[in-house]
Amino acid sequence: MAGIRALQKRTAKLEDAGKPRPSPLTILYGSFDAWVECEVLAGVESGALAADDMVELVAALRGWETEGVWNAR
């Protein structure tokens, strides 16, 4: 029975390794869009963040999100 349990654990690790990892923004805010709404839009509206810079930054980070940069190991 110990051999079967060990095989099950190794199989579970392999299955987990094949799953995509969520980005840090998804982990903290639930989704990329939630981060934009909570932090970026609020910062731009308050004047703490420059709107033109944030448009470029959000576009770059969204590209990372769709390309799966967070999955690179």
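The values are calculated or read from the model by the stated rules, or taken from the named source; none is laboratory data. Computed from a predicted model, the values in this text were never measured in an experiment. All Cβ positions, glycine included, derive from the backbone under ideal geometry; neighbour counts span all protein chains shown. The accessibility values were calculated without ligands, DNA or RNA, using every heavy atom of the protein model including side chains. Shrake-Rupley method; radii C 1.70, N 1.55, O 1.52, S 1.80 Å.
Looking at the chain, the accessible area is 78 square angstrom per residue; that uses a 1.4 Å probe and ignores ligands, DNA and RNA. Normalised by the number of residues in the chain, the mean separation of alpha-carbon contacts (under 8 Å, six or more apart) gives a relative contact order of 33 percent.
Using heavy atoms of the protein chains and a probe of 1.4 Å, the accessible area assigned to GLU15 is about 120 Å².
Can you tell me the FRET efficiency between CYS38 and ALA2 if r is taken as the Cβ-Cβ distance and R0 is 35 Å, rounded to the nearest 0.05?
Here the calculated transfer efficiency is 0.15.
Given a 1.4 Å probe and the protein chains as shown, LEU49 ends up with an accessible area of around 60 Å². Give me the angle, in degrees from 0 to 90, between the Cα long axis of helix 2-18 and the longest principal axis of the Cα atoms of the chain, rounded to the nearest 10. Roughly 20 degrees, rounded to the nearest 10.
Evaluate the charge dipole of the chain about its Cα centre and quote only its size in Debye, nearest 20, assuming +1 on the Cβ of each Lys and Arg and -1 on the Cβ of each Asp and Glu.
1020
By a 1.4 Å probe calculation restricted to protein chains, ARG10 has an accessible surface near 150 Å², given to the nearest 10. Working note: Debye formula, equal point scatterers on the alpha-carbon atoms of the chain, no solvent; log10 I(q)/I(0) at q = 0.14, 0.21 Å⁻¹ is -0.58, -0.92.
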